[in-house]
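Here is the structure we will look at.
The values are calculated or read from the model by the stated rules, or taken from the named source; none is laboratory data. Remember, it's a predicted structure, so these values are computed and weren't measured experimentally. Cβ sites come from the backbone with ideal geometry, for glycine too, and all protein chains shown count toward neighbours. Protein only, heavy atoms only, side chains kept; ligands, DNA and RNA dropped before computing areas. Shrake-Rupley method; radii C 1.70, N 1.55, O 1.52, S 1.80 Å.
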Amino acid sequence: MYRYDHYDHLIVRERIAQYRDQVARRLSGELLEEEFVPLRLQNGLYMQRHAYMLRVAVPYGLLSADQVRMFAHIARKYDRGYGHFTTRQNIQYNWIELEQTPDILTDLASVEMHAIQTSGNCIRNITTDEFAGVAADEIIDPRPFAEILRQWSTFHPEFLALPRKFKVAINGALEDRAAIAVHDIGLTVVYNEAGEVGFKFMAGGGMGRTPILGSVIRDFLPWKHLLTYTEAVMRVYNTHGRRDNKYKARIKILLKALGVEEFTRQVEEEWADLKDGPETLTQEEFDRVAKWFQPHAYRELADTDVAASQPDNRAFANWLNRNVKPHKVPGYAAVVLSLKKTGVPPGDATAEQMDFVAELADRFSFGQVRVTHEQNLVLADVEQSKLFEVWQLAKSKGMATPNIGLLTDIIACPGGDYCSLANAKSLPIAAAIAERFDDLDFQHDIGDIELNISGCINACGHHHVGNIGVLGVDKDGSEWYQVSIGGAQGNDSAIGKIIGPSFSAVQMPEVIGRLLDVYVRCRIEGERFVDTVQRLGVAPFKEHVYATPIPAQELVGEDHYA
Amino acid sequence: MLNRHPQIIKGREVVDDDWSVLKLDEGQTADAVEVPAGKIIVPLAVWQAQRDALADRAELGVWLAPDESAASIKDDLQRFTVIAIDFPKFTDGRGYSIAYNLRKRLGWTGELRAIGDVLRDQLFQMARCGFDAYATRQDRSIHDAVKGLSVFSETYQATVDNPIPLFRRVPRDTPAEHRDIGAGI
């Protein structure tokens, strides 16, 4: 993985000094809160419902074991013993004291980490495929480009006060696991006919109040022009993006208003001035960064039938089936450690678990860990012969739930329990659904399904692209949940369709149950939930869900009969 | 309305200043407003409406609002001593792109002044985008604000103050302490 040189260290060190001074000026009253807000946001510090929340950057989701240990240390020393991994592949802490944030940054810097631009109206963490570098279907490892973009966007002076936040994702594989279609900029690494490396360049995707899939604005951009072309897009957006209404300020709205052709024309015009300029990437710079992402020193091994070594162990087989992913090197596999054990908020990990994951990484996976945008962790380079041992160890810490890609692998934002933006809670909904469908046999029967929950329109839980999407809404001061189906991420990205009037919290598990009833009844062999929805449309699902009233009150004890 | 800051930051120094910024009051129009004598920085609309009358002035400045473009004065640059860009709110970042365009696209080499809601914590990025003068907010110490210009000693990307990005400017070699790890096969 990328390691800091003198310059990276210097910039992060100077940032801490700058931020420490800003905090001191805030505490002395020299800085007003309204002046401090954009400054602290650019350092990932939010004021939430109960306390400050600090979001730490995990560039493109890649971590060293020591960095994970530092997360555990921060959880213990400055928080309440846990952290929350997010859909942006970052980690956030929910109980932070403002006065301590400069010290946390100092601790982070000791392991080459920071919280720069994890929030605010600037270019955020560049995200990518959690299996980058190891995926069997990879075309080109996207991480060197993600790191190059990270450096370029760090404190880019012109783009720190954009109309709104700005998110970039890069995919380097055949299958898009980076959800590029719902990013402000979505890049796919491709070869052209001449065999040159470049990007299919998309812009204007996003979720929130107005979900829109990105549009291709350039079929092929040679890789050396990555920064200049991105700069052109950013300047058009900074200049013309709306600032009068925060809900219409993302680049997707500008792109829609102008139309793809006109938007692209403006970008190309802007780019004409930048093309081949000094920000044009050099082979030397690419090589310098890329060498940190070279393949590990893999042993020469053959693929083995791991399940056959434990023929009677169904639990292990389930785990292999769901949580272990193919690797491009024979004899290796990628392991997803589930952070979705029933009863735990999706994405939460305790300090003890984090130390444990660091230990596993050191022992079994070249000392590296990845964060997925589905809020799980990955050991990307495990020898197949060690899988049984890894499974047993992971199980002992509650991180081997064999539910990756299944119903209880729920993506959920922190919702009203933590987030001051939320209109409704999301964690209890996730918990109630997980509890009702905890039965693994049932889940394995249902198969691949993505259930995404957001506590508000900002869509941090990516509900629009969930096969089942749940959105918390506020109606007359009480919390309701709107349900959509048919959303999808990846190569066939789609925005889900709302099925009808919203539900109360207690109705939600039954709503999900009824949606699944229709699927089970109507699916044809091998069809996933989302395919059935695509084939049949919303109507049969809607009909069944609303056919008979769902009790709105939880019926408990003798009151059933009162 | 005439706004005058007795002192501004020029380069990295606090200096006395004798320019005034003309802003239209409610009811005033660009073609009718009287531009007083002396060193005045006028709104773009006033320059456009009164170009003939103002063209002979020895010293004149113009200021752009965030929704006005550098290109709108591209043929007039030699008429101005100062160009200012207004930041009505420090969170509105359009002024940075206007500054970039004035410097890089149009080659403006004269004074480029930030006016309006100009605060210490934005000065470093303003300087990088080509500003060299700052009429900082008068309810704050201008001497404190100067400190905002010396935050970072290195930066990654190319822009106005440093047109060569770090990767072309310096050799960025693998740090000695990491030379034996990570590179793999």
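Computed quantities for the displayed model
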read-out: Scan of segment A:506-521 for residues that are of a type outside the set (Lys, Arg) and open to solvent by 40 Å² or more (accessible area, probe 1.4 Å), ordered by number; value: A:Val506, A:Glu510, A:Asp517, A:Val520
read-out: Number of positions in segment A:292-322 that are in a loop (DSSP other than H, G, I, E, B) and either more than 22 Å from A:Thr401 (Cβ to Cβ) or open to solvent by 60 Å² or more (accessible area, probe 1.4 Å) (or both); value: 14
read-out: Members of segment A:290-315 that are closer than 30 Å to A:Leu149 by Cβ and more than 9 Å from chain B (Cβ to nearest Cβ); value: A:Ala290
read-out: Options B:Arg113, B:Arg103; residue that is more than 8 Å from chain A (Cβ to nearest Cβ) and either crowded, with 24+ Cβ neighbours inside 10 Å or acidic (Asp, Glu) (or both); value: B:Arg113
read-out: Some residue of segment A:147-154 being within 14 Å of chain B (Cβ to nearest Cβ) and on the phi > 0 side of the Ramachandran plot; value: no
read-out: Leading residue by the ranking (most open to solvent (accessible area, probe 1.4 Å)) among those in segment A:20-32 that are within 10 Å of chain B (Cβ to nearest Cβ) and closer than 14 Å to A:Pro102 by Cβ; value: A:Asp21
read-out: Scope segment A:398-428; condition part of a loop (DSSP other than H, G, I, E, B) and farther than 27 Å from A:Phe316 by Cα; matching residues; value: A:Cys413, A:Pro414, A:Tyr418, A:Cys419, A:Ser420, A:Leu421, A:Ala422, A:Asn423, A:Ala424, A:Lys425, A:Ser426
read-out: Inter-residue pairs, beta-carbon under 6 Å, first more than 30 Å from A:Val470 (Cβ to Cβ) and free of Cβ contacts under 8 Å to residues at least 40 places away in the same chain and in segment A:200-229, second surrounded by 22 or more Cβ atoms within 10 Å (Cβ to Cβ) and of a type in the set (Phe, Trp, Tyr), 6+ apart; value: A:Leu221/A:Phe199; A:Leu221/A:Phe201; A:Leu221/A:Tyr229
read-out: Counted residues, segment B:38-78 - those being modelled with pLDDT under 95, assigned to a loop (DSSP other than H, G, I, E, B) and either open to solvent by 80 Å² or more (accessible area, probe 1.4 Å) or touching a Cys at 6+ places or on another chain (Cβ under 6 Å) (or both); value: 2
read-out: Given (1) under 17 Å from A:Gln375 (Cβ atoms); (2) open to solvent by less than 10 Å² (accessible area, probe 1.4 Å); (3) out of contact with any His (no Cβ under 7 Å at 6 or more places or on another chain), index of the condition A:Gly472 fails; value: (1)
read-out: Flag for A:Lys224 being of a type in the set (D, E, K, R), more than 16 Å from A:Asn491 (Cβ to Cβ), open to solvent by 10 Å² or more (accessible area, probe 1.4 Å) and touching a Leu at 6+ places or on another chain (Cβ under 7 Å); value: yes
read-out: Boolean, A:Leu54 is at pLDDT 95 or above and crowded, with 23+ Cβ neighbours inside 10 Å; value: yes
